[in-house]
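Undergrad: First the structure, which I've put down as structure tokens, then a few questions once you've had a look.
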Amino acid sequence: MSSAPVVVVATFTAKPESVDTVRDACKTAIEAVHQEPGCDLYALHEADGTFVFVEQWADQDALKVHGTAPAVGALFGAIGDHLAAPPDIKFLQRVVAGDPAKGQLRA
């Protein structure tokens with residue numbers, strides 16, 4: 001598989017009454033995911049009940065392992081009934097432009 005880093009943006013929108021539940025489940029997953037091999041970045045952000053994970057994985061193999069990791073299964077199990085819509089997960093390709101030091105995520 002490719003040895004290039006893989007960037008993922010995963011967005012979850014909580015039902016209004018479930019914002020705290022979704023936040024807590026996301027925060028619980030972070031510690032375990034940070035221990036996964038190849039996890040360069042797994043950062044949670046929030047705005048108005050929408051939670052966004054910005055992720056960077058060392059390569060496709062690391063992302064594949066993450067997709068089947070216990071922390072991910074537990075997270076989706078915990079938040080599934082609390083989401084207002086299905087998760088929106090995007091796998092991104094870097095667009096090279098501008099200052100390389102400011103134009104890309106760094107490990």
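Computed from the coordinates by the stated procedures, all read-outs in this text should not be read as laboratory data. A quick note: this is a predicted structure, and the numbers were derived from the prediction, not measured. Backbone-built Cβ (ideal geometry, glycine too); neighbour counts: all protein chains shown.
Undergrad: What residues of the range 1-43 lie in the reach of a label at Ala78, counting those whose backbone N is under 14 Å from a point 7 Å from the Cα along Cα→Cβ?
TA: In the range 1-43, the label zone of Ala78 (backbone N under 14 Å from the point 7 Å along Cα→Cβ) covers 19-34.
Undergrad: Let me ask you something else. Based solely on its DSSP helices, what 222 nm [θ] is calculated for the chain when runs of n ≥ 4 H residues each add -39,500 (n - 2.57) and the sum is averaged over all residues, nearest 500 deg cm²/dmol?
TA: Taking each H run of at least 4 residues, the total per residue is -9500 deg cm²/dmol.
Undergrad: Hey, could you get me the Stokes-Einstein D for the chain, Kirkwood radius over alpha-carbon pairs, 25 °C and 0.890 mPa s, rounded to whole µm² s⁻¹?
TA: This corresponds to a translational diffusion coefficient of 169 µm²/s.
Undergrad: To continue, here is another question. What ranking, highest mean first, results for peptides 92-101, 8-17, 29-38 when packing means the other Cβ atoms within 10 Å averaged over each residue?
TA: Answer by packing, highest mean first, reads 8-17, 29-38, 92-101.
Undergrad: Another question, then. Using the Cα centre of the chain as the reference point, and only Cβ charges (+1 on K/R, -1 on D/E), how large is the resulting charge dipole? Debye, rounded to the nearest 20.
TA: Value, rounded to 20: 280 debye.
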